[in-house]
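Have a look at the structure below before the remarks.
The values are calculated or read from the model by the stated rules, or taken from the named source; none is laboratory data. Computed from a prediction, not measured in an experiment: that's the story for all the values here. So basically every Cβ, Gly included, is an ideal-geometry build from the backbone, and we count neighbours across all protein chains shown.
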Amino acid sequence: MSTTTTLLSTPLVTRRVQAYFAPVNRAQEQATIFDPAVNGSFNLSAPPAPWVALGWIENFARQSGSKVAPLSSGSPATTLYQVRESTDATVSFAFKTWSKLSMALAAGAQHMNVLAAPLTGIAIGSGAKATPAAALGVGSSATSLVMSAPTSLTAGSIVSVDADYLGQTGWIGSGISAAYVNSASAVGDDADYVRRVSFNVGRVVSATSTTLQLAQPLLAGNPSTGMKVQQVLGFVDREGGSFFPEWSAVFVMQGEQGDRLIFHYPRLQPTSYPREVSNVLAAAIEMVGPQAAFRALPVVDGNDGEQVLCYRTYLPSPSALV
Amino acid sequence: MQNAKDSFYVALRNRLAVINPARTVTLRAVQRPSIMVEEAEPPQVQLANDIFVLRWRAETVNLQLPSVLTQTTCEIRYATSGSQQNAGLDRGRALTEMDKELLAMLTPLQTQKLNFTQTPAAVMQTFVFWTEPTLSPVEVLRDQLSRTATVTVFAFEEQGE
């Protein structure tokens, strides 16, 4: 007596798309590469470092702008070959929720922290010159900030933790390249400018007069010597400016049968300025999320040296025919 | 969702106590603002006069968000026969007064979510919010005028709920 196992070929049935992002090292021009051989089956709730989960997205749309043209010869002309004229790809989607990172990704240009400022300051659209920063003491970690002097910050505060701006040019910001400074004069030689653009931010969940406990670890890890703390009231981006942020991204469609479709864009730069998309919950109540649109930029594939804009990986269900 | 329902009711009750301190009812020997949750009181065959009665109806959940968003329909029913001293001839005015109080109770259209399973109630992390009310036409039953206002109450489920 023999047993026959019937394997099924099924379509991918999925409910949602999940998005993960990682920084591109702008100074080294290095994207974060997602390796499906190593991490393809990762736990969707706990992505491998340095990927950061940004939850479910909607209206996910991939578009290829690549062009293929015929090469013809003879009379009448007959297509003999095809040639690739150009390679281009874009992707767009809407975040369901707001956060520092989702807003920055959807910003399309420079994204900043709104630093707490004295009420007497001169008004600036992206936030007035800030209240002076507080220095960190010895013993701080990525989740616990030890202040060098008593602080008035309380649980619930948001803080930016980064170094003073010391007149340097080029990429600045700990953990993630947050901005590019052309000259010290362009940023008013502002000592707080790095903290104004930094992604090294966190929410204080408990506080004593000298220690702030953060809800999540700082993206840049343990604070380094010289870093200071400033209170953040919120985040701001602008229509305008010359800065192009760049991110690495992974989008996952998890199938109902255990299969998985993964889209990896090693380098994405925004193609639009800040926009929002809204869903009506009920009459006069809307749910609003940031809308993002990107153009993919190339990396060189390590297996054959080809220039690639994005990768699509399919991990079949254990029961499916291949 | 229970915390959201409780928070919604208590918010309206506290607001009513400020808007019209004289609108009170004695239930189970306790005098309190004249608003109650139907499912938390003994069944009644007829809608009592001069009290706001909350009835919870359809409930749906949105699982497409990092935090589950619940939405529940709440019918707020109220009736009046006017005052005895005016022989009920002021029942139209009395209903209009209850309409006005209801709209004031529902504004602002949000309240802090609280957990009433402990004393004192614990402040939770999110707010309960609701739609503007839809008012039904007046219903007439002999000398009683009644109306039902419908709002949809939204809340995000928090850890542990």
Q) When you look at residue A:207, is it out of contact with any Asp or Glu (no Cβ under 9 Å at 6 or more places or on another chain) and small (Gly, Ala, Ser), yes or no? A) yes
Q) Of all residues in segment A:297-322, which are within 25 Å of residue A:10 (Cα to Cα), modelled with pLDDT of 95 or more and β-branched (Val, Ile, Thr)? A) A:313
**Q.** Unmet criterion (only one of (1) farther than 20 Å from residue A:176 by Cα; (2) crowded, with 20+ Cβ neighbours inside 10 Å; (3) in the same structural domain as residue A:45 (by TED's automatic domain parsing); (4) not polar (S, T, N, Q)) for residue A:212
**A.** (3)
(Q) Please go through (1) aliphatic (A, V, I, L, M); (2) more than 18 Å from residue B:1 (Cβ to Cβ); (3) within 14 Å of the chain's Cα centre (by Cα) for residue B:76 and return the number of the only condition it doesn't satisfy. (A) (2)
Q: Answer with yes or no whether residue A:131 is farther than 19 Å from residue A:271 by Cβ, within 14 Å of chain B (Cβ to nearest Cβ) and in contact (Cβ under 8 Å) with a residue 60 or more places away in the chain.
A: no
Q.
Which count do you get for residues in segment A:127-150 that are in contact with a helix residue (DSSP H, G or I) (Cβ under 8 Å, 6 or more places away or on another chain) and either surrounded by fewer than 17 Cβ atoms within 10 Å (Cβ to Cβ) or closer than 18 Å to residue A:220 by Cβ (or both)?
A. 1
**Q.** Subset of segment B:133-160 that is surrounded by fewer than 16 Cβ atoms within 10 Å (Cβ to Cβ) and under 17 Å from residue B:71 (Cα atoms) - its residue that is modelled with the highest pLDDT
**A.** B:134
Q. So, of the residues in segment A:41-68 that are aliphatic (A, V, I, L, M) and more than 29 Å from residue A:200 (Cβ to Cβ), which turns out to be farthest from the other protein chains (Cβ to nearest Cβ)?
A. A:68
(Q) Please return the ranges of strands (runs of 3 or more DSSP E) entirely within segment A:48-141 where 2 or more residues are β-branched (Val, Ile, Thr). (A) A:52-64, A:78-86, A:89-95
Q. Which is modelled with pLDDT of 90 or more, within 26 Å of residue A:290 (Cα to Cα), within 14 Å of chain B (Cβ to nearest Cβ) and surrounded by 15 or more Cβ atoms within 10 Å (Cβ to Cβ), of A:17, A:24?
A. A:17
Q.
I need the full set of residues from segment B:90-142 which are away from chain A (no Cβ under 14 Å), among the charged types (D, E, K, R) and either assigned to a strand (DSSP E or B) or out of contact with any helix residue (DSSP H, G or I) (no Cβ under 7 Å at 6 or more places or on another chain) (or both), in order please.
A. B:90, B:91, B:93, B:97, B:99, B:100, B:113, B:139, B:142
Q | Single residue of B:18, B:45, B:30, B:68 found to be exposed (fewer than 14 other Cβ atoms within 10 Å of the Cβ) and either over 22 Å from residue B:116 (Cβ atoms) or within 14 Å of another protein chain (Cβ to nearest Cβ) (or both) | A | B:45
Q: Can you work out which of the residues in segment A:249-279 that are part of a strand (DSSP E or B) and among the hydroxyl-bearing types (Ser, Thr, Tyr) is nearest to residue B:62 (Cα to Cα)?
A: A:278
